[in-house]
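The values are calculated or read from the model by the stated rules, or taken from the named source; none is laboratory data. All of these numbers come straight from a predicted model, not from anything done at the bench. Positions of Cβ are backbone-derived with ideal geometry, glycine not excepted, and every protein chain shown enters the neighbour counts. For accessibility, only protein heavy atoms count, side chains too; no ligands or nucleic acids. Shrake-Rupley method; radii C 1.70, N 1.55, O 1.52, S 1.80 Å.
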Amino acid sequence: MDSTRIMREQKVSRLLVTYSAPVFLSYLCNSIYNIISRAYIGNGSAGHLGIAALSVAFPITLVSLAFAFLLGMGGSTLAAIRVGQEDRVGANRAMNMSLQLLLLISIAITVIGNLFLDQILVAFGASEAVLPYAREYSRIIVSGCVFQIVSVGMTNYMRVEGKTRLAMLAVIIGPIVNIIFSTLFIKVFDMGLTGAALATIMAQFSCTAVIVVHYIRSKEFFHFNKDILAADIHLALQINYLGLSAFALQICNGLVSILINQVARNYGGDIAVSGMGVVTTLQNFVLTITSAVNMGSQSLIAYSFGAKLYKRIRELVRTAMIGSVIIVLIEYIILRLFPVPIASIFGKNNAEVIAFSSKALVIYLMMSPLVPIQIQGSGFFQAIKKPIHAMLLSLTRQAILLAPLLLTLPRAFGVEGMFYAGPAADLLSVCITLPMLLHYMKKLRATEDGAELSL
């Protein structure tokens, strides 16, 4: 069956699983890799300083992801809308322009990152003791960022064209390679943080290779052609405009990650930086399903919006949101019941890190079952060409709420104030998102499929 017919006719729950599964498996494997690598590092010679170094370096990855999402999700959203409008040539132009922009930003990040690496890491929260470890890891990650940026950005187009099996291969092969080589480099050859970084780059290269080979050989409407070299400022601006929300969310994640490192270091030293690194690693694992369903549903909502299938949009949003909330709730209950054994995975010989991170886990992730409402709401506005709405919602949870809470609560309550900043921001952001989302759902309900929608 043609991919556009599938997006139009297939049962919504099955369609969401089909489009979200490749992203979920990729995120899940990456989360598992992050847990395994941090466990190896935390139980190795670097100990808690190694985990702190990974936490300090993590914002570099988030900045790279921000640009990958800006150009990949922005371009794929535009492409999905054009496919819904039966403009496949225009959709392919968007894809080729995305690749051009992804390569350009990769070069810029590599050059700037290598020139100012130490200054960047100190700004990100590296202490004198942590800096050598963070430098060792980050130098390799920055130098190979092109593979991460291209692979993450271009995978979005596979979902738009319905290549779910190939997308699954592309996104799974990387984490599998990562896990194999991190075990070999860190556990067997004792290469520490250098081994972890090399394994990551090799994994990202393998994913990129699958994607590039596919689009070079493809005879369908998404394929690489001479448009890769064509300059089109108007198209580039459209892509950036539609990707603003995803970009803002990832940049905010990076800024909050930096802020968490700084606050943790100020109020609890390197033990706190390491402990919060454990918390954020597990938070990413818990919210994997939310991010995957949001990304999978965006292409479907964008297509339905272009095809004026408003009833289907409502069903997509509702099903994605309810399913994600239930799964995250189950995950949090497991964390709540077994915080100490779970925290012990990252350093069984360091009682201070275990005590800190097990307590922080229970409190900081308290409202995580509500987060899918906020993320899916932001994704909905992104897909219906309301990137400013989507960006504001993304900024609400991270920049507008969480950042000020991280700055103020620890002053009053010490390091525990940092724990409660997370659930407070999650709850307040949902209270802002839900009324906006319901308002637009009401507009969709009042408009017949095929009619012009007034937004």
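Carbon and sulfur atoms: what percent of the 1.4 Å accessible area of the chain do they account for?
Carbon and sulfur together cover 67 percent of it.
Kirkwood hydrodynamic radius (Cα pairs, Å) of segment 277-351?
14.5
What ratio of Cα Rg to 2.2 N^0.38 Å holds for segment 160-291?
Compared with the compact-globule rule of thumb, segment 160-291 sits at 1.38.
For segment 59-151, place one equal point scatterer on every Cα, skip the solvent, and apply the Debye formula. What is log10 of I(q)/I(0) at q = 0.15, 0.19, 0.24 Å⁻¹?
For the requested q values the scattering log ratios are -0.62, -0.82, -1.10.
Note down the nm distance, to one decimal, between modelled labels 7 Å out along Cα→Cβ at residue 189 and at residue 446.
For the pair residue 189/residue 446, the computed spacing is 6.4 nm.
What does segment 333-376 give for Rg and for Dmax, in Å, if only its C-alpha atoms count?
Considering segment 333-376 through its Cα atoms, Rg and Dmax are 12.3, 39 Å.
Test of understanding: what is the full-extension gain from residue 176 to residue 228, defined as 0.36 nm times their sequence separation minus their Cα-Cα distance? Mind showing how you got there, number by number?
Working: separation 52, 0.36 × 52 = 18.72 nm, distance 3.02 nm.
Fully extending the segment from residue 176 to residue 228 adds 15.7 nm.
Once Rh is set to the Kirkwood radius over Cα pairs, what Stokes-Einstein translational diffusion coefficient, in µm²/s, holds for segment 124-226 at a temperature of 10 °C and a viscosity of 1.306 mPa s?
Values: Rh = 15.0 Å.
The calculation lands on 106 µm²/s.
Please report, largest first and rounded to whole Å, the three semi-axes of the ellipsoid equivalent to segment 178-223, where each semi-axis is the square root of five times an eigenvalue of the C-alpha gyration tensor.
32, 7, 5
Evaluate 2.2 N^0.38 Å with N set to the residue count of segment 194-246, then give the Cα radius of gyration divided by it.
Taking the Cα Rg and dividing by 2.2 N^0.38 Å, one obtains 1.57.
Tell me, what is the FRET efficiency for residue 340 and residue 32 to the nearest 0.05, using R0 = 25 angstrom and their Cβ-Cβ distance as r?
That gives a FRET efficiency of 0.75.
Compute the Rg/Rh shape ratio of segment 374-455: radius of gyration over Kirkwood radius, all on alpha-carbon atoms.
1.16
Contour minus end-to-end for residue 416 and residue 13, with contour as 0.36 nm per residue of separation and end-to-end as the Cα-Cα distance?
141.0 nm
Could you work out the per residue convex hull volume over the alpha carbons of the chain, in cubic angstrom?
125
Which value results when the Cα radius of gyration for segment 308-398 is divided by 2.2 N^0.38 Å?
1.44
Could you compute the FRET efficiency for residue 438 and residue 86, with r as their C-beta to C-beta distance and R0 at 35 Å, rounded to 0.05?
0.65
Cα-Cα over 18 Å: which of 308/442; 386/443; 308/386; 219/385; 163/308?
Details: 308/442 15 Å; 386/443 14 Å; 308/386 16 Å; 219/385 29 Å; 163/308 23 Å.
Those over the limit are 219/385; 163/308.
By average Cβ neighbour count within 10 Å, what is the ranking of 394-403, 72-81 from highest down?
Going from most to least packed, we get 72-81, 394-403.
Using a 1.4 angstrom probe, figure out how much accessible area the chain has per residue, in square angstrom, rounded to the nearest whole.
Here the per-residue accessible area is 40 Å².
Could you rank the peptides 263-276, 203-216 by their average count of other C-beta atoms within 10 Å per residue, with the highest value first?
Top to bottom by mean Cβ count within 10 Å: 263-276, 203-216.
Compute for segment 19-118: radius of gyration divided by Kirkwood radius, i.e. Rg/Rh, restricted to C-alpha atoms, rounded to two decimals.
1.11
Quote to one decimal, in nm, the extra length available between residue 218 and residue 118 on full extension: 0.36 nm per residue of separation minus the C-alpha distance between them.
Full extension from residue 218 to residue 118 adds 31.7 nm.
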